[in-house]
Amino acid sequence: MGHKTALYEQHLALNARMVDFGGWDMPVQYSSVLAEHHAVRRAVGMFDVSHMTVLELTGADAVPYLQRLLANDVSRLKVAGKALYSAMLNEQGGVIDDLIVYAPTTQKPDLWRVIVNCGTHDKDLAWMQKQAEGFAINLIERTDLAMLAIQGPKAYRVVSDVLGDEAGAIIQALKVFQGREYNDWFIARTGYTGEEGLEILVPEAQIADFWQKLLAAEVLPCGLAARDTLRLEAGMNLYGNEMNDDVSPLVANMAWTIAWEHDFIGKEALVAEQANGVKQQLVGLVLQDKGVLRSHQKVIIDGVGEGETTSGTFSPTIEKSIALARIPAGDVQQVWVEIRGKRLAANVVKPPFVRLGKVLV
């Protein structure tokens, strides 16, 4: 038996198929993956993401601590509640985890929020506590909070209708990648689907009621399977697939998240990697032949070498099989993917595949 979110009984009541995910009992699907996927692309769906680790950081050295810890630079956050996506690196430049950090809000001017992955919970907290030595900071985990992601083109309107005018005004005023307090909730305009949407932190005692109100407003519950097809269409990395402790952000298509002007753990290794020439790249693949792309399939580039798919699925929006793949660096336009002993042709594209409901490849 794994950890259970505060919505576990709600999932069982909807006959969700439950699976172990990073030590948590989570819904993989409720109805069909296609229906849940299309709901987010075309209307609105909701995900229980309470398995994510929510950390709160305070203290006089919060900014220098985060600057040392993260490859991106929190000093760039000039707007209250603004969010920043970043990698947290080891000394070799490998990705310990990817995360989102929220700048303090006007309501809580001394509080930084950091959201990290559940599967890396133990190593993340151990690393963050180790790096805290010498900094005047306090880092606590908020295990009393649940987290819902409401995603899709109708997300803002539906949530505003459910919560009322005050929350609606907050949602209307939020910029992309920004959060704000709402009573004892925190509402952020973020997500992992490539659609407009919100991620909302709610005290566990209040989450079931909010869930039921969203159900009554015809928001479709969605599981991990649809979350994966949506994030892959959006070209978003999954920790453990596109990146890990041995893969640098330069290889994981995350160079845009590196702020080279400040010092951070792993910078020296990245500078050396860049100087020597980055040997691999993360690209998108669209399969031209019939077949299904999955992770860990061999990718062959004629006259160049080999790589491997890191994630793959059938895209419900494009209606073709797509993947992310780590291949040798260079200008590559077509590859072969080895599936069950056969070589199938795939075109190389730049992710994302789909953004805000529009096919981009």
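The values are calculated or read from the model by the stated rules, or taken from the named source; none is laboratory data. All figures in this text were calculated on a predicted structure; none of them were measured in a lab. Positions of Cβ are generated from backbone atoms using ideal geometry, with glycine treated the same way; all protein chains shown enter the neighbour counts.
Farther than 30 Å from Leu69 by Cβ and not in a helix (DSSP H, G or I), is that true of Phe264?
Values: farther than 30 Å from Leu69 by Cβ: no; not in a helix (DSSP H, G or I): yes.
Spelling it out, it is not the case that Phe264 is farther than 30 Å from Leu69 by Cβ and not in a helix (DSSP H, G or I).
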* Considering only the range 303-342, state which residues are outside any strand (DSSP E or B) and either in contact with a Pro (Cβ under 9 Å, 6 or more places away or on another chain) or modelled with pLDDT under 95 (or both). => Gly303, Val304, Arg340, Gly341
* Asked: Does the range 244-251 contain any residue that is among the charged types (D, E, K, R), in contact with a Gly (Cβ under 9 Å, 6 or more places away or on another chain) and more than 22 Å from Leu145 (Cβ to Cβ)?
  -> yes
* **When residues of the range 9-31 are limited to those that are within 30 Å of Ala132 (Cβ to Cβ) and in a loop (DSSP other than H, G, I, E, B), the one modelled with the highest pLDDT** => Gly23
* Mind checking which residues of the range 215-227 are surrounded by fewer than 19 Cβ atoms within 10 Å (Cβ to Cβ) and either assigned to a strand (DSSP E or B) or among the acidic types (Asp, Glu) (or both)? -> Glu218
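Among the strands (runs of 3 or more DSSP E) contained in the range 89-200, which hold 2 or more residues that are over 20 Å from Ala62 (Cβ atoms) and in contact with a helix residue (DSSP H, G or I) (Cβ under 9 Å, 6 or more places away or on another chain)?
Those strands (runs of 3 or more DSSP E) span 145-151, 185-188.
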* Structure fact -> Within the range 283-293, residues exposed (fewer than 15 other Cβ atoms within 10 Å of the Cβ) and either within 14 Å of Glu242 (Cβ to Cβ) or among the acidic types (Asp, Glu) (or both) come out as Asp289
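Scan the range 32-80 for residues that are polar (S, T, N, Q) and either surrounded by 17 or more Cβ atoms within 10 Å (Cβ to Cβ) or part of a helix (DSSP H, G or I) (or both) and jot them down.
Residues satisfying the conditions are Ser50, Thr53, Gln67, Asn72, Ser75.
Quick grid of which residues meet (1) surrounded by 15 or more Cβ atoms within 10 Å (Cβ to Cβ); (2) farther than 15 Å from Leu232 by Cβ; (3) of a type outside the set (Asp, Glu); (4) within 25 Å of the chain's Cα centre (by Cα):
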residue	(1), (2), (3), (4)
Ala269	yes, yes, yes, yes
Gln281	yes, yes, yes, yes
His296	no, no, yes, yes
Val304	no, yes, yes, no
Ser315	yes, no, yes, yes
Glu319	no, no, no, yes
Arg326	yes, no, yes, yes
* **Residues located in the range 140-184, provided they are surrounded by fewer than 18 Cβ atoms within 10 Å (Cβ to Cβ), within 20 Å of the chain's Cα centre (by Cα) and on the phi > 0 side of the Ramachandran plot** => none
